[in-house]
1. As I understand it, the value is the acute angle between the Cα axis of helix 8-28 and the longest principal axis of the Cα atoms of the chain; what does it come to in degrees, rounded to 10?
2. In degrees between 0 and 90, to the nearest 10, how far off the longest principal axis of the chain does helix 81-93 point, with axes built from Cα atoms?
3. How far, in nm, would the chain grow between residue 16 and residue 35 when pulled straight, counting 0.36 nm per residue and subtracting the alpha carbon separation?
4. State the antiparallel share, in %, of DSSP beta bridges confined to the chain, rounding to the nearest 5.
5. Semi-axes of the chain's equivalent ellipsoid from the Cα gyration tensor, sqrt of 5 times each eigenvalue, largest first, rounded to whole Å?
6. Using DSSP, restrict attention to beta bridges with both residues in segment 8-109 and report what percent are antiparallel, rounded to the nearest 5.
7. How many nm separate the modelled label positions at residue 109 and residue 142, each set 7 Å beyond the Cα in the direction of the Cβ?
8. Using 1/(1 + (r/R0)^6) with R0 = 35 angstrom and r between the beta carbons of residue 91 and residue 173, what's the FRET efficiency to the nearest 0.05?
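Since every read-out is calculated from the coordinates, none of them should be taken as a lab result. Treat the numbers as computed from the prediction; the structure is a model and nothing was measured. Cβ sites come from the backbone with ideal geometry, for glycine too, and all protein chains shown count toward neighbours.
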Ligand SMILES: [Zn+2]
């Protein structure tokens, strides 16, 4: 089964909605630089409609599932976007966490339903999985399934291209986890 993709109009509508909810949240929660601190991205793997996370830079990412946008357009626009932005507001204000009461209030104030899950029937696309490895210096690298399989099959390690830096080798035992 292949992934269903949204139209350009649907993507544009998601971006517009994202901007509108960010503006609303910035005003409501007095976070004037919110729009500079949150980036919207789209992804096409896994069954979740979206997620929000804190980046190493201290900024935030709101990720929306492409397929969810195509399959369940209204819910994704009207609920998933406020849902994930409410998570970011909680990360910043630290007033609530996960799907607690404070988060729920925030989600609803931003126009979402306040429901914790998105029951969507999305295509499980394992071929899009990423595989995380920890290098000897402690840094993390992710590779796609082809390289992962090569590393796991071989015993000499995989020479990782490292622009200008020292040669990096990934070995089977450096494997940490699968990211969907
Ligand atoms: Zn959530």
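1. For 8-28 against the chain, the angle is about 60 degrees.
2. The helix 81-93 is inclined about 80 degrees to the chain.
3. Details: separation 19, 0.36 × 19 = 6.84 nm, distance 1.26 nm.
That pair, residue 16 and residue 35, stretches by 5.6 nm at full extension.
4. Values: 16 of 22 bridges.
The answer is about 75 percent antiparallel.
5. Details: eigenvalues 232, 82, 40 Å².
After diagonalising the Cα gyration tensor, the semi-axes are 34, 20, 14 Å.
6. On the way: 5 of 11 bridges.
Rounded to the nearest five, the antiparallel share is 45 percent.
7. 3.1 nm
8. Values: r = 34 Å, r/R0 = 0.96.
Calculated value: 0.55.
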